[in-house]
Amino acid sequence: MDAIDLLVNRTSHGKLKAPGPNNEQLTTMLKAALRAPDHACLKPWQYLVYEGEEALNWLGDLFAQAKQAQDPNISQEKLDRARSLPLRAPMVIIAVAKIKDHPKVPAVEQIISAGCGVHSILLAAEAMGLGGYWRSGELNYSADLKRLLELEESDEIAGFLYLGTPEYPKRALKDIDIDDFVEFR
Ligand SMILES: Cc1cc2nc3c(=O)[nH]c(=O)nc-3n(C[C@H](O)[C@H](O)[C@H](O)COP(=O)(O)O)c2cc1C
């Protein structure tokens, strides 16, 4: 696939099915993520990979525990929903910004860098015929989930990246007028 075509026409895929990325594809996606722009070469990144039923169920349990920690009176229905979230794809990668103290690199730059890594994973997935969807939601900002994932308090989750084989063909993209977003000054 032509690189410019990939960049200009990338889309997310909300409905994903098996097979997920194989080992080689996963390695390629992670290598792409590790080439994200990175001020002062801090490499402030960690990628947590959940693949297959056992790992995804385990992650679902952590999601449910985090929800329950936040609201001890949460309904069973909401708990079940939280538990089922990771099962929407054969693989989930949690992208984490491992925030480091640096006099010239504030946390926001490190989170942006991790976000660039997520974008690279999405692009690499699409280039290999896979699909992905970047999600956040309440759990993205849950201190309880960070604790359950054994992350540091200072870590920031950049996103939950769902990956697999697209259930449906790529949707037609609406034209976007670049003049709505760009000013030449
Ligand atoms: C940081 C971030 C978090 C997001 N979180 C969600 C989310 O929780 N749920 C959702 O439906 N879309 C979320 N999105 C948007 C989708 O990933 C996707 O970009 C959007 O549906 C537009 O589709 P497209 O990427 O094909 O243009 C998020 C995007 C970003 C950048």
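The values are calculated or read from the model by the stated rules, or taken from the named source; none is laboratory data. All values derive from a computational prediction rather than experimental measurement. Neighbour counts run over all protein chains shown; Cβ positions are idealised from the backbone, glycine included. Ligands, DNA and RNA are stripped out before the accessible areas are found, and what is left, the full protein with its side chains, is counted by its heavy atoms. Shrake-Rupley method; radii C 1.70, N 1.55, O 1.52, S 1.80 Å.
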Counted residues, the range 30-49 - those being assigned to a loop (DSSP other than H, G, I, E, B) and in contact (Cβ under 8 Å) with a residue 40 or more places away in the chain: 7
Long-range neighbours under 7 Å by Cβ, at least six apart or interchain, first residue on the phi < 0 side of the Ramachandran plot within the range 7-29, second open to solvent by 80 Å² or more (accessible area, probe 1.4 Å): 11/170; 11/171; 12/134; 15/167; 15/168; 16/167; 17/167; 20/51
Test: residue in the range 103-115 that is within 15 Å of the ligand (Cβ to nearest atom), under 16 Å from residue 48 (Cα atoms) and surrounded by fewer than 20 Cβ atoms within 10 Å (Cβ to Cβ): yes
Subset of the range 1-28 [aliphatic (A, V, I, L, M), surrounded by 16 or more Cβ atoms within 10 Å (Cβ to Cβ) and more than 16 Å from the ligand (Cβ to nearest atom)]: 26
Top-ranked residue of the range 41-59 - restricted to ones that are open to solvent by 50 Å² or more (accessible area, probe 1.4 Å) and over 16 Å from the mean Cα position of the chain (by Cα), ranked as nearest to residue 96 (Cα to Cα): 43
Pair list, Cβ < 7 Å and 6+ apart or interchain, from the range 52-68 residues that are more than 16 Å from residue 93 (Cβ to Cβ) to residues that are in a helix (DSSP H, G or I) and charged (D, E, K, R): 61/83; 64/83; 66/144; 67/78
Residues satisfying the stated conditions in the range 124-175, i.e. surrounded by 12 or more Cβ atoms within 10 Å (Cβ to Cβ), closer than 17 Å to residue 11 by Cβ and of a type in the set (Phe, Trp, Tyr): 133, 134, 162
